[in-house]
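Worksheet: one structure, shown below.
The values are calculated or read from the model by the stated rules, or taken from the named source; none is laboratory data. Note that the coordinates shown come from a computational prediction; the quantities given were computed from them, not determined experimentally. With ideal geometry, Cβ positions are generated from the backbone for all residues, glycine too; neighbour counts draw on all protein chains shown.
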Amino acid sequence: MGDYFRMVQRTALKAGPNFAGHYTVLAAGCGSACQNIFVVDTRTGRLIDTPFIGIGGMPCPTSFYDTITDFVHFRSDSRLLILTGSPEDPGPDDTFTEVACGVRYYVLRRGHLRLIREVLAC
């Protein structure tokens, strides 16, 4: 595991659970309108695989953000995680692909986030 991911793991364990009982969601800036999203199981210290790398604000229409203030939404007593914006999905050769702007709903089941609904902005 690289130094960056060890730092993410330590930060999550220090912060404590904030999602789905014993998980910690961390959002790390990756640009002016971008956040990398990490989910750590605080019981095991394991960084769980996510079906996305992060979330960005481009290429969303300006009006999309009139009422949106955060890219990621979650609660400590819920398994639902919501991404608002343009998700960055893993691509070939350690790259990513920005997909259509909208809202994606994921549920945490057995240590994996599963997409349950997607509502496109356009």
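I want to confirm something. Restricting to the range 12-31 and keeping residues that are within 16 Å of the chain's Cα centre (by Cα) and farther than 23 Å from L80 by Cβ, which single residue is surrounded by the most Cβ atoms within 10 Å (Cβ to Cβ)?
My answer is C30.
Pick from A121, A20: which is among the aliphatic types (A, V, I, L, M) and at pLDDT below 90?
Of A121, A20, the one residue that is among the aliphatic types (A, V, I, L, M) and at pLDDT below 90 is A121.
Those residues that are assigned to a loop (DSSP other than H, G, I, E, B) and at pLDDT 90 or above, I need them from the range 53-83; list them, please.
Correct list: R75, S76, D77, S78, R79.
I need a count of the residues in the range 8-35 that are hydrophobic (A, V, I, L, M, F, W, C) and farther than 11 Å from L47 by Cα.
Here the count works out to 8.
Would you mention how many residues in the range 1-17 are at pLDDT below 80 and not in a helix (DSSP H, G or I)?
2
When Y4 is evaluated against the numbered criteria (1) under 16 Å from L120 (Cβ atoms); (2) exposed (fewer than 13 other Cβ atoms within 10 Å of the Cβ); (3) without any contact (Cβ under 8 Å) to a residue 60 or more places away in the chain, which criterion, by number, is the only one it fails?
Of (1) under 16 Å from L120 (Cβ atoms); (2) exposed (fewer than 13 other Cβ atoms within 10 Å of the Cβ); (3) without any contact (Cβ under 8 Å) to a residue 60 or more places away in the chain, only one is false for Y4: (1).
Please verify whether the range 37-50 includes one or more residues that are part of a helix (DSSP H, G or I) and either over 16 Å from the mean Cα position of the chain (by Cα) or more than 20 Å from G85 (Cα to Cα) (or both).
No, the range 37-50 contains no residue that is part of a helix (DSSP H, G or I) and either over 16 Å from the mean Cα position of the chain (by Cα) or more than 20 Å from G85 (Cα to Cα) (or both).
Would you confirm whether any residue within the range 96-103 is under 11 Å from the mean Cα position of the chain (by Cα) and part of a strand (DSSP E or B)?
No: zero hits.
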